[in-house]
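The values are calculated or read from the model by the stated rules, or taken from the named source; none is laboratory data. As the structure is a computational prediction, the values presented were derived from the model and not from experiment. When we count neighbours, we look across all protein chains shown, and the Cβ atoms used for this are built from the backbone with ideal geometry, even at glycine.
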Amino acid sequence: MDKTVAFHTLGCRLNLSETGQIAQGFVDRGYKVVPYGEKADVTFLNTCTVTDGADSSCRNMIRKSQKFSPEGKVVVAGCYAQMEADKIKQMQGVDLILGTNEKYKVFDYLEEDQENIAKIEKSNEFWGATTTEADSHTRAFLKIQDGCNYVCSFCIIPFARGRSRTITVEGAKEQAQKLVNNGFKEIILTGVNIGEYESTSKEKLTDLVRGVAKTKGLKRLRLSSVEPNTITRELLETLKDSGIYQDHFHIPMQSGNDDILKSMRRKYDVAYYRDMIALVREYFPNASIGADMIVGYPGESEEAFLDTYNLARELALTHFHVFPYSKRKNTTAAKLDNHIQADIKKDRVKTLIALGEKKQAEFARALIGTKQSVLFEREKDGVYEGYTSHYIKVQCESGMSLQNEIKEVEIIDQLGSKLIAKLL
């Protein structure tokens, strides 16, 4: 009887790509992947530590995993494991704790018959990762970069993942072709800071994008989050010329106040960010644009928060990712004065989220009556869900399978930020 393994991923798209790669390693060794929550011989948690909320989610998932499979092994891996191994050791039922480097070597450690084995080393290797057949995703994530050389005052990721390192252009092209050969029609190029690709690899990001875009059979291409100071006209021209890049960008903003941005050690000011959004819209006039925003950063006055709110309202932003500031150990911001009370941060988060929901709904409403190309991903009760080029969710009834199919639809109605469509 095959051994079984279950996975749960917390955090970013980069984590998703890494989980897919590790899942394939288990399958190659004879394991059967079962849904998380079912009894499994091994439960693998790929964790995140970007905020207090992420840490709390990780601890909850560790406790749940032990309840789901009391006789199975629980592996806690990734960023939270890298930064808080000692805390995890104190939790009942954890068998293996692996940092961001060691999680790829999980198979080397699983046979050791003892609990609380912790393998935490400095992250300095580039481990390739892609969505695989063992994973359940329709869109494929291809990791092209890891780590970060920036020193943003609030961010713990450089401590968790180490310095920037990359895949080669040729390696990315080979991985992209494998993904398409395995049936994926859309690829998302992902990393911690993919705009650092050229300075790290000494190869051009535009060459990588151009090479991947020429992958035989690839229908759609996206980038994950790109820092505004790393977006260039050349990159935008390359994406436009590809013919398959989708109308969606994710460009972190963090704050709309110059003093806060300076304290955060961001590499741009408000005027630069505003100009960059305008530049993106120059090349992709119909694009939707997502942005990360941190509220309640130490010293953020009500006026500074309103600067963020007003900038977010002014700009062509449609997908808000709002986070309350979290004090992270070893970061500069953690040592600052004037930390903001939790209830104030909570109110500010709610205010920005409400604005984001309104703007995304307005953007979606403008698509009613238009024809859109949708990659369908999942089905429930005869209703299929997928995403437009703009990363707007679409629902469509169909008597035939639309799983992993790209179909032309007409948008006929709206349900909040979701759209209702009919097949053409």
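A few points about this structure:
- Only one of the numbered conditions (1) at pLDDT 90 or above; (2) on the phi > 0 side of the Ramachandran plot; (3) not hydrophobic (A, V, I, L, M, F, W, C) is violated by Ser56, and that is (2).
- Out of Arg313, Arg328, one residue alone is assigned by TED's automatic domain parsing to the domain that holds Ile289 and part of a loop (DSSP other than H, G, I, E, B). It is Arg328.
- Residue list for the range 385-407, filter: part of a strand (DSSP E or B) and farther than 24 Å from Gly290 by Cα: Cys396, Glu397, Lys407
- Breaking point among (1) hydrophobic (A, V, I, L, M, F, W, C); (2) under 16 Å from Val76 (Cβ atoms); (3) assigned to a helix (DSSP H, G or I), for Ala40: (3)
- Among the residues of the range 284-306, just one is crowded, with 17+ Cβ neighbours inside 10 Å, part of a helix (DSSP H, G or I) and not aliphatic (A, V, I, L, M), namely Phe305.
- Restricting Thr200, Thr206, Thr232 to those that are among the β-branched types (Val, Ile, Thr) and touching an Asp or Glu at 6+ places or on another chain (Cβ under 9 Å) reduces the list to Thr206.
- Conditions (1) exposed (fewer than 15 other Cβ atoms within 10 Å of the Cβ); (2) at pLDDT 95 or above; (3) under 30 Å from Val280 (Cα atoms): number failed by Leu415: (2)
Listed here are the residues, each with its yes/no results for (1) crowded, with 18+ Cβ neighbours inside 10 Å; (2) β-branched (Val, Ile, Thr).
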site: Val27; (1), (2): no, yes
site: Gly30; (1), (2): no, no
site: Glu38; (1), (2): no, no
site: Leu45; (1), (2): yes, no
site: Thr51; (1), (2): yes, yes
site: Asp55; (1), (2): yes, no
site: Ile62; (1), (2): yes, yes
site: Ser65; (1), (2): yes, no
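- Any hit, the range 264-287, residues being at pLDDT 95 or above, in contact with a strand residue (DSSP E or B) (Cβ under 9 Å, 6 or more places away or on another chain) and at positive phi: no
- Counting residues in the range 200-216 that are of a type outside the set (A, V, I, L, M) and closer than 27 Å to Glu102 by Cβ gives one or more.
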